[in-house]
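The values are calculated or read from the model by the stated rules, or taken from the named source; none is laboratory data. This one's a predicted model, so the numbers in the text were calculated from it and none came from an experiment. Heads up: the accessible areas ignore ligands, DNA and RNA and are worked out on the full protein's heavy atoms, side chains in. Shrake-Rupley method; radii C 1.70, N 1.55, O 1.52, S 1.80 Å.
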Amino acid sequence: MALTEAILALVSGLGGAGIGAGGAIWVQRAKRRDDAAAASLATERAEAAAVAAAARAERQAAQAADLAERQAALLADQAERQAVLVAERSERLAAVAVKKAEDAAALEVLATARSALRAWSTNAERVLAALRSGSDVGAYEYSTQAIAEMKELTAALFRIPPRAYLDADQGEQADTRPFISSIEEVALAVTLMVSSTTPVTDTEITLLLRRVHATRDHVSRYFLRAVEKVTRAPVPDVYYGSMPPHRRTTGD
């Protein structure tokens, strides 16, 4: 009986030890599976996080590139508009400079013409006054001087630029050739009178002097109007004597 119990106890002990050992092995295997599953899940999460980070970085890079492209396009547009403004301003300044140079040249020609006209008129007045007073006229000297004055005046009239021409449609004389003809005609009349060997009456001298003044004033008014057209500003009347034309006496 005792032997039987001892055998049963031995068998039971061996069985319990076997069962305990098997359970431990199962627990270890289960733990390894759990650890492997946890590691796999961690790996998956890490990979997902890496993919998300990469996608986020890609989006941020694309946004940064798009922003940089828009900024570059904006800067390029601003630079282009600035270049256009600078070019337009340069063109305007160049046009203003050209106009100033043209205006200065036109005014210089007109000043030369007015000066030559005054010289011719003064010389004619002088020689006619000498003729009236019976003084030595110096017909040859007058003729020589008058020819030189007419050359200068004619050259100046032909040099007046078209921009200074008056508007014929407005009833203004645009062509300067009639002025040259009228001045030459009066200058010839003065030359013939001072060179004449026959006596000349005071009335004839007065009438010719009036022609000199009328021709001078007519051409002078043209010059003043031409100056106004160039400068686009009114020019005060300039008289060649102590009185305006409408107040001159017959003796002038």
Probe 1.4 Å, all protein chains in place: accessible area of T231 in Å², nearest 10? 60 Å²
Calc'd 3J(HN,Hα), region 61-68, phi into Karplus 6.51 cos²θ - 1.76 cosθ + 1.60 (θ = phi - 60°), Hz, glycine/Pro = x, comes to 5, 5, 4, 5, 5, 5, 4, 5
Show me, for region 101-107, the HN-Hα J-couplings you get by feeding each phi into the Karplus relation (A = 6.51, B = -1.76, C = 1.60, θ = phi - 60°), rounded to Hz, glycine and proline as x. 5, 5, 4, 4, 5, 5, 5
Can you return the lysines within cross-link range of K229? Criterion is Cα-Cα under 23 Å, with same-chain partners fewer than 8 residues away left out. K99, K100
Taking θ as phi - 60°, what are the ³J(HN,Hα) couplings along region 110-125 by the Karplus curve (6.51, -1.76, 1.60), each to the nearest whole Hz, with x for Gly and Pro? 5, 5, 5, 5, 5, 5, 5, 5, 5, 5, 4, 5, 4, 5, 5, 4
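Could you check how much of the accessible area of region 86-155 is carbon and sulfur, as a whole percent, using a 1.4 Å probe? Walk me through the numbers on the way to the answer.
On the way: 2380 of 3970 Å².
Carbon with sulfur: 60 percent of the solvent-accessible area.
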So how much accessible area does M193 have, in Å² to the nearest 10, using a 1.4 Å probe? 30 Å²
With every protein chain present, what accessible area does R210 have (1.4 Å probe, heavy atoms only), rounded to the nearest 10 Å²? 110 Å²
Rg to Rh for region 106-155: what is it, with Cα atoms only and Rh by Kirkwood? 1.09
